[in-house]
Amino acid sequence: MLKMLYGYGGQYGVGAVPDRILLSWVNDPSTSMAVTWRCRIGAGDGKVQFAKSSKGPDLKNSTYEIIAEKQLLTSISGLAYYYSANINGLEPETTYAYRVGNEHQWSEWNYFITASNEKKPFSFIFMGDIQNDIRSIWSRVVRKAYSDEPNAAFILYLGDIVSRCKDAKWGEWFYATGFIHKMIPCVATPGNHEYDKGKICKHWPKIFEFPKNGPKGFEDLTYYIDYQSVRIISLDSNAKLEPQTIWLRNVLKENDNQWTIIAFHHPVYFVSKSRDRRKSRNTWIPLFEEFGVDLVLQGHDHAYIRTNLVKSRNNKFNDLKSNMDEGTIYVVSVSGSKMYPTVANNAIMHRTAANTQLYQIISVDNNTLHFEAKTADGEIYDAFTLTKQSNGKKNLTNEIPDIPERK
């Protein structure tokens with residue numbers, strides 16, 4: 001009992017050395033960075049030391065230091081303090097070294113790079129549901145994605161990161177990602193498995209620090225991040241749609257970014273009829289079409305589907321037209337081991353896959369967005385390029401490799 005209380009419980013028990021270190025954003029990615037971590041109780045106040053990265057080993061001689069906030073979390077892995085700190089006032093396009101802890105025990109030095117405050121090319125990775133076999137089977141997927149795109153600006157997760165709100169499951173995820181999120185920020189939208197008895201998992205607000213620009217009551221769940229000409233919007237498809245929809249209209253209306261990407265967990269165009277989400281489809285798609293949303297990323301259905309540009313005809317969302325020059329592209333993907341069969345609407349689903357673990361890399365360069373879906377071993381399974389003209393008109397070029405669909 002004493003061991004569990006003080007941090008030695010289980011395979012992912014909390015100890016004296018700071019662990020579960022993760023980067024994310026609360027404020028402008030070009031001038032800020034948020035970092036969270038945990039330590040066992042009794043570790044004292046948490047601090048972040050940071051400095052512009054140098055070519056020599058004398059990092060600690062030129063550091064700034066800030067005090068972190070801390071919250072107590074009780075789990076089978078032991079009593080732990082979760083720390084969070086927001087580093088502000090940074091310079092754009094600058095590499096910083098940082099470490100977390102205090103005088104009694106520091107982490108290793110890691111680094112991060114701030115975003116540009118101008119339109120410049122960048123790429124990011126996104127992952128569909130993980131959920132099961134995180135350590136044993138999913139690990140290789142995230143590590144392959146990182147080896148393919150080590151300079152990714154961030155990794156976006158589409159919910160169901162874990163199967164249950166258990167500390168050991170989060171421990172598996174941190175084990176699988178290793179050092180990756182100590183250097184590449186994480187962006188995430190919640191899935192149904194991040195909920196427990198109608199409430200968001202107690203780990204979520206302690207592990208993740210996201211912008212607080214969403215509707216009241218949706219902190220760290222519904223928010224947007226502007227990154228170098230792209231607005232990334234997270235919606236919580238588990239929760240009430242009405243307050244999010246009012247907020248979403250304003251966020252889309254006031255958006256002056258060149259590209260708009262929306263992420264949420266439950267697909268509006270389903271893989272299986274038994275999993276249809278008619279309410280979110282009828283509520284959100286009119287806004288997507290009114291404001292010209294470019295790309296919608298989703299999970300939940302444990303298969304891969306991707307449309308061409310899709311737009312409703314006569315405002316009837318059961319009457320759809322697959323286009324090459326107007327509308328929105330919808331993607332559903334899965335990166336974990338749990339799989340469902342594909343029963344898709346073939347009229348709009350341009351590329352599908354079953355029983356296939358995938359990761360996706362999206363690259364943005366001014367008026368061009370390039371998308372690649374890759375299998376766990378790095379083979380390109382699907383690809384397209386979306387080009388946007390100055391008047392907002394779009395042009396879709398499919399670049400699907402000459403390999404059969406995985407049914």
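In segment 270-284, is there at least one residue being at pLDDT 95 or above and aliphatic (A, V, I, L, M)?
Within segment 270-284, none of the residues are at pLDDT 95 or above and aliphatic (A, V, I, L, M).
Could you tell me which of the residues D382, D377 is under 21 Å from L156 (Cα atoms) and out of contact with any strand residue (DSSP E or B) (no Cβ under 8 Å at 6 or more places or on another chain)? Full working, then the answer.
Numbers: D382 fails: out of contact with any strand residue (DSSP E or B) (no Cβ under 8 Å at 6 or more places or on another chain).
Residue meeting the stated conditions: D377.
Would you please list the contacts, defined by Cβ atoms under 9 Å and residues six or more apart or on different chains, that run from a residue in segment 140-163 that is basic (K, R) to a residue that is assigned to a loop (DSSP other than H, G, I, E, B) and modelled with pLDDT of 95 or more?
Pairs that qualify, where the first residue is basic (K, R) and the partner is assigned to a loop (DSSP other than H, G, I, E, B) and modelled with pLDDT of 95 or more, are R140/Q357; R140/A376; R140/D377; R143/G178; K144/A376; K144/D377; K144/G378.
Can you tell me how many residues in segment 296-308 are more than 15 Å from I262 (Cβ to Cβ) and either touching a helix residue (DSSP H, G or I) at 6+ places or on another chain (Cβ under 8 Å) or among the aliphatic types (A, V, I, L, M) (or both)?
3
Being modelled with pLDDT of 95 or more, of a type in the set (G, A, S) and touching a Gly at 6+ places or on another chain (Cβ under 6 Å) narrows it down to one residue among G214, G128, G171; which is it? I'd like the intermediate steps shown before the answer.
On the way: G214 fails: touching a Gly at 6+ places or on another chain (Cβ under 6 Å); G171 fails: touching a Gly at 6+ places or on another chain (Cβ under 6 Å).
Matching residue, one of G214, G128, G171: G128.
Hey, can you tell me all the residues within segment 249-280 that are in contact with a Phe, Trp or Tyr (Cβ under 8 Å, 6 or more places away or on another chain), surrounded by fewer than 17 Cβ atoms within 10 Å (Cβ to Cβ) and under 20 Å from T307 (Cβ atoms)?
Of everything in segment 249-280, those that are in contact with a Phe, Trp or Tyr (Cβ under 8 Å, 6 or more places away or on another chain), surrounded by fewer than 17 Cβ atoms within 10 Å (Cβ to Cβ) and under 20 Å from T307 (Cβ atoms) turn out to be S272, D276.
Is there any pair linking a residue in segment 257-268 that is assigned by TED's automatic domain parsing to the domain that holds I362 to one that is among the hydroxyl-bearing types (S, T, Y) and in a strand (DSSP E or B), with Cβ under 6 Å and at least six apart or on different chains, and which?
A263/S234
Here's the yes/no breakdown for (1) modelled with pLDDT of 95 or more; (2) within 23 Å of T94 (Cα to Cα):
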position	(1), (2)
Y8	no, no
G15	no, no
D19	yes, no
L23	yes, yes
S30	yes, yes
K55	no, yes
K60	no, yes
E69	yes, no
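For a quick check of your reading: which strands (runs of 3 or more DSSP E) sit entirely within segment 349-407 and have at least 1 residues that are surrounded by 14 or more Cβ atoms within 10 Å (Cβ to Cβ), under 24 Å from the mean Cα position of the chain (by Cα) and assigned by TED's automatic domain parsing to the domain that holds N132? Can you show your working first?
Numbers: elements: 349-353, 358-365, 368-375, 380-388, 394-398.
The qualifying strands (runs of 3 or more DSSP E) are 349-353, 358-365, 368-375, 380-388.
Counting just the residues of segment 211-240 that are hydroxyl-bearing (S, T, Y) and within 13 Å of the chain's Cα centre (by Cα), which one comes out nearest to F122 (Cα to Cα)? Don't jump to the end; show me each part of the working.
Going through segment 211-240, the residues hydroxyl-bearing (S, T, Y) turn out to be 222-224, 227, 229, 234, 237.
Right, trim to within 13 Å of the chain's Cα centre (by Cα) and you get 222-224, 234.
On the way: T222: 24, Y223: 21, Y224: 18, S234: 19 Å.
Looking at residues that are hydroxyl-bearing (S, T, Y) and within 13 Å of the chain's Cα centre (by Cα), I get Y224.
The values are calculated or read from the model by the stated rules, or taken from the named source; none is laboratory data. Because the structure is predicted, anything quoted here is derived from the model rather than measured. We place every Cβ from the backbone using ideal geometry, glycine too, and count neighbours over all the protein chains shown.
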